[in-house]
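The values are calculated or read from the model by the stated rules, or taken from the named source; none is laboratory data. Note that the coordinates shown come from a computational prediction; the quantities given were computed from them, not determined experimentally. We place every Cβ from the backbone using ideal geometry, glycine too, and count neighbours over all the protein chains shown. Side chains included, ligands, DNA and RNA excluded: accessible areas come from the protein's heavy atoms. Shrake-Rupley method; radii C 1.70, N 1.55, O 1.52, S 1.80 Å.
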Amino acid sequence: MAITLVNPEGLPEVGAYRQVSVASGSRLVFVAGQVAWDADGVTVGEGDLAAQVERCYLNVATALAGVGASFDDVAKLTVYVVDWTPDKMPLFAEGVARAAAKLGTTPVPPGTLIGVAALDVPEHLVEVEATAVID
C-alpha cells in the first residue's frame, strides 16, 4: 500500500478518520465527486441521507477499483452534504458503516466534510470525492 494513516500525538483521535496520510506511491488518482447514482444514473435513497452516503462510498470504491485501487490507497476524502447540521452525523456515520461492511474495510483517511446549499440535482444530499495514491 502506498498510504499510511496516522493520528499524530498532540492531535485529537477522531474515530471517523485519521488526521494525516503519508503517501509513498508514484501515481495520483483523483476521483470525481460521486453522488448516489446507480450504474444507470438513477438516484438511490432519495431523501435518505444514510442510504445516499452508503451509495456514494460504494461508488468511490467502484471508481477506485476501475484503476486498480481501493480505499486503502485513499489519501483524502472530501464530502459535501446539503444543509449540513451536526445532528445529521449519526445518519452520516450509519451510511459509512454500511458501506464499510459491504467493502470489508473501514474508509478512514483524512477527510473534510463541507455543508453546502445544494448539489447537482435536488434529490442528491451528499457527494464524495477522493484522492488516492498508488504505486
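Listed by first and then second residue, the pairs with beta-carbon distance under 9 Å, at least 6 apart or on different chains, first residue in the stretch 17-31 and without any contact (Cβ under 8 Å) to a residue 40 or more places away in the chain, second hydrophobic (A, V, I, L, M, F, W, C), are V22/I3; V22/L5; V22/V6; V22/A75.
Y57: within 20 Å of V121 (Cβ to Cβ), open to solvent by less than 80 Å² (accessible area, probe 1.4 Å) and aromatic (F, W, Y), yes or no? So Y57 fits the description; yes.
Only strands (runs of 3 or more DSSP E) whose full extent lies in the stretch 1-120 are considered here, and the ones with at least 3 residues that are closer than 28 Å to D135 by Cβ and under 11 Å from the mean Cα position of the chain (by Cα) are 27-34, 74-82.
Taking each residue of the stretch 38-51 that is of a type in the set (S, T, N, Q) and looking for partners that are part of a loop (DSSP other than H, G, I, E, B) with beta-carbon atoms closer than 8 Å, six or more apart or interchain, yields T43/V35; T43/A36; T43/V121; T43/E123; T43/H124. Once the stretch 99-112 is narrowed to residues that are touching a Leu at 6+ places or on another chain (Cβ under 9 Å) and open to solvent by 40 Å² or more (accessible area, probe 1.4 Å), the residue that is nearest to G15 (Cα to Cα) is T112.
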